[in-house]
Amino acid sequence: MNSKLILYNTLTRTKQEFEPINPPHVGMYVCGPTVYGDPHLGHARPAITFDLLFRYLKAEGYKVRYVRNITDVGHLEHDADEGEDKIEKKARLEQLEPMEVANYYTRRYHDAMRELNVLPPSIEPSASGHIIEQIEFTKRILDAGFAYESNGSIYFDVEKYNEKYHYGKLSGRNLDDILTNTRELDGQEDKRHSYDFALWKKASPEHIMRWPSPWSDGFPGWHMECSAMSTKYLGREFDIHGGGMDLMFPHHECEIAQSTAALGHDSARFWVHNNMITINGKKMGKSLGNFITLEEVFTGSHKLLAQAYSPMTVRFFILQAHYRSTLDFSNEALQAAEKGLDRLMKGIEALGKVKPSEVSTVKPSELAERCEAAMADDLNSPMVISALFDWVRIFNQLEEGQQKITAEDLESLRATVNRWAFDILGLRDEKAQSSAGDMVSPLVEMLLDMRMEAKAAKNWALSDQIRDKLTAIGIRVKDRKDGYDWEIE
């Protein structure tokens, strides 16, 4: 790496120099979505935060195995142990199979991530696809003496674990505080203590999502999937575990306890948490009427939105704040982000028009050094954006001839801008893409009209050639009796 990456480790509450266990390989696990509804603003921030880290590590030459899970079973309504499974409830309401619900919203999530230019992870395992691994992990905890069976369910014995280890070290809580703040819910009589949590739950007769186990037909507890899948794909110890700050307790706290009970140590070395998005200063929630899906943001269809905001405006808005700071989502903030993004893209466009000179009056290395120092300091994307903004003025001066730059320096400057604005920050010039897209439709229509004429003339070779050429560039053609349809795959 050009600079040593310093990351804030939630576990130690300090900034630490990041050194992977097995350089240049990096193992990173991030908690992904629970797929029972449309992706919303709350999904955007962790996705973009860890996409930024993923991009940066790759740009710095690391070989990153990025694992992001899909929760499609075991996420219960009331807490980690009680209530109806959210996906199963959705399935009942819509008269669908639970996996139909999970697959539908997984596709919706993927579509939204593509719009936000979030790179797909290296591996995206689902909880339902790893039941065997979760059962085996539960057996290890039982064998170690940190869990107990009760009426076909398996619960983690928090008090016994706390005698040997420290339950609460990630969130900074102690067991007395947890006991005081634990809600009493119906159906918890199987537990020895209210703060014990389920590793395996016996399914009630009406429960659809169930699998056989040594203890009962049931399903894994919510926390278990991450312990089982992270260690399966990244090993007994890996570099980074990430997620939203709302997952710190109880989810990540329980993960640490599970992994430590089964392995004798926590599997993750660095815990990285992004902060929350608020809306007009309030926490997002359906009861407050400020729950906004990403589709509503992109179309402007929510009552709180003054207009539609493009995916890159949302991405830029999120990157303008440090990932550990609270971010307030408002029309004014989004409109400012829209203007800022437009200014940056126009500056980069101006840089593309610059003609080289015999001498340079600017030093591209200064921009590269500023960006590198900012990003290496706990992913300070706002300072990277600030550095790029400072250079927009120079880009315009270069285009107007007020500053000069050699061909070699110009190539270096363009490479630096591409690296930071596009490769690492993950921005796209949506207006340029839109302009190109406006040209695609008439060209495809013209070719398909030519194909219709070739078919009418029984020139099958030309007809097939046009179809095959379009297919090769990702355009699927569907013939109809009265014409054709086409779509970009």
Practice problem: Can you give me the ranges of the strands (runs of 3 or more DSSP E) entirely in the range 1-117 with at least 3 residues that are surrounded by 21 or more Cβ atoms within 10 Å (Cβ to Cβ) and touching a helix residue (DSSP H, G or I) at 6+ places or on another chain (Cβ under 6 Å)? | Solution: 25-30, 63-68
Practice problem: Just name the residue that is surrounded by the most Cβ atoms within 10 Å (Cβ to Cβ) out of those in the range 265-283 that are more than 18 Å from the chain's Cα centre (by Cα) and in contact (Cβ under 8 Å) with a residue 60 or more places away in the chain. | Solution: ALA268
Quiz item: Could you say whether any residue in the range 208-221 is closer than 30 Å to ASN9 by Cα and of a type outside the set (Asp, Glu)?
Solution: yes
Quiz prompt | Selected residue (only one of LYS404, LYS339, LYS355, LYS303 is free of Cβ contacts under 8 Å to residues at least 60 places away in the same chain and part of a helix (DSSP H, G or I)) | solution = LYS339
Practice problem: Give me the pairs, please: first residue somewhere in the range 28-56 and of a type in the set (S, T, N, Q), second residue anywhere and surrounded by 23 or more Cβ atoms within 10 Å (Cβ to Cβ), beta-carbon distance under 7 Å, and either six or more positions apart or on two chains. | Solution: THR49/ASN274; THR49/TYR323
Quiz prompt | THR313 being in contact with an Asp or Glu (Cβ under 7 Å, 6 or more places away or on another chain) and modelled with pLDDT under 95 | solution = no
Exercise. Considering (1) of a type in the set (A, V, I, L, M, F, W, C); (2) at pLDDT below 95; (3) in a helix (DSSP H, G or I), say which one ILE208 fails and leave the rest.
Key: (3)
Exercise. Filter the range 369-382 down to residues that are among the hydrophobic types (A, V, I, L, M, F, W, C) and free of Cβ contacts under 8 Å to residues at least 60 places away in the same chain and give me whichever is farthest from GLU408 (Cα to Cα).
Key: ALA374
Practice problem: Only residues that are in contact with a Phe, Trp or Tyr (Cβ under 7 Å, 6 or more places away or on another chain) and within 19 Å of SER227 (Cα to Cα): list them for the range 22-34, please. | Solution: VAL26, GLY27, MET28, TYR29, VAL30, PRO33
Quiz item: Which residue pairs have Cβ atoms closer than 8 Å, lie 6 or more positions apart in sequence or on different chains, and pair a first residue in the range 133-152 that is hydroxyl-bearing (Ser, Thr, Tyr) with a second residue that is loosely packed, with under 15 Cβ neighbours inside 10 Å?
Solution: TYR148/ARG192; SER150/ARG192
Quiz item: For LEU425, all conditions in the list (1) of a type outside the set (Asp, Glu); (2) over 16 Å from GLY352 (Cβ atoms); (3) surrounded by fewer than 18 Cβ atoms within 10 Å (Cβ to Cβ) hold save one; what is the number of the exception?
Solution: (3)
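The values are calculated or read from the model by the stated rules, or taken from the named source; none is laboratory data. Just so you know, these numbers come straight off a predicted model, no measurement behind them. Glycine gets a Cβ as well: all are built from the backbone with ideal geometry, and neighbour counts include every protein chain shown.
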